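Trainee: First the structure, which I've put down as structure tokens, then a few questions once you've had a look.
Nothing in this text is a laboratory measurement; each read-out follows from the coordinates by a stated rule. Not measured: the values here are computed from a predicted model.
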Amino acid sequence: MTYRRSAIVAAAAGLALSACSGGNYRPVADYPVKIGNPYRVAGETYVPKIDPDYDVLGYASWYGNESGDRTANGEKFRPDWITAANKTLPLPTYVEVTALDTGKTILVRINDRGPFRPGRVIDLSRGAAEALSIRQQGYARVRVKRVEPPEKDRERLRKGKEARERPRESDCALQSLRAQFAAGIRDGLIPPG
């Protein structure tokens, strides 16, 4: 058997073994970007799309018991990493998530689909919920804004580490966001948590 042929056989055997052990995940990378086809969950249709101006108010919740499951873009779910699920943004997408109660903002990498409860705009991993200081309360009022962070921050998140600290929202900006949130609930645009 030639060296090249034995290397191919060894590589194929390694892939087969990793698939049997559940390790057949997509590497953590920013490319290719996956938009995906429209899909239905609980009678609701979701249409994934590119939305460079994505900037929404709603509720964030968190999840973390699915350790080792495959995310919607094929990566291994790691609960302690700073990741999240969104219903329609391309995978991956980077967003800033701001807790409206505290003004704390973190950078998050979206690599999964969800949440599928009314009013929930993002489902944070346990690590992201801890970084945003909302894990204990379970869910929180947030602003989610799509951003194009520097490569240094992207690289940190791809390795499971937090990005550099983001500036907190000013009191004036927070008051405005909270007023918009209250108006959204009053007008039926945001279902009550």
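Trainee: Of the candidates A179, A72, A129, which one comes out as most mobile in a Gaussian network treatment of the chain with C-alpha springs shorter than 10 Å?
Mentor: Residue with maximal mean-square fluctuation among A179, A72, A129: A179.
Trainee: Run the reach check for K161 against lysines, Cα to Cα strictly under 17 Å, same-chain hits fewer than 8 apart removed. What comes back?
Mentor: K76, K152
Trainee: Counting each pair of different Cα atoms once, what's the Kirkwood radius of region 39-186 in Å, rounded to one decimal?
Mentor: About 15.3 Å, per the Kirkwood formula over Cα pairs.
Trainee: Contour minus end-to-end for I50 and D69, with contour as 0.36 nm per residue of separation and end-to-end as the Cα-Cα distance?
Mentor: Result: 4.3 nm gained on full extension.
Trainee: Could you give each residue of region 176-192 its phi-based ³J(HN,Hα) in whole Hz, using Karplus coefficients 6.51, -1.76, 1.60 with θ = phi - 60°, and x for Gly or Pro?
Mentor: Couplings: 5, 5, 5, 5, 5, 4, 4, 5, x, 5, 4, 8, x, 7, 10, x, x Hz.
Trainee: Report the residue, chosen from R143, R166, R120, that carries the largest GNM mean-square fluctuation when the chain is represented by alpha-carbon nodes joined by springs under 10 Å.
Mentor: R166
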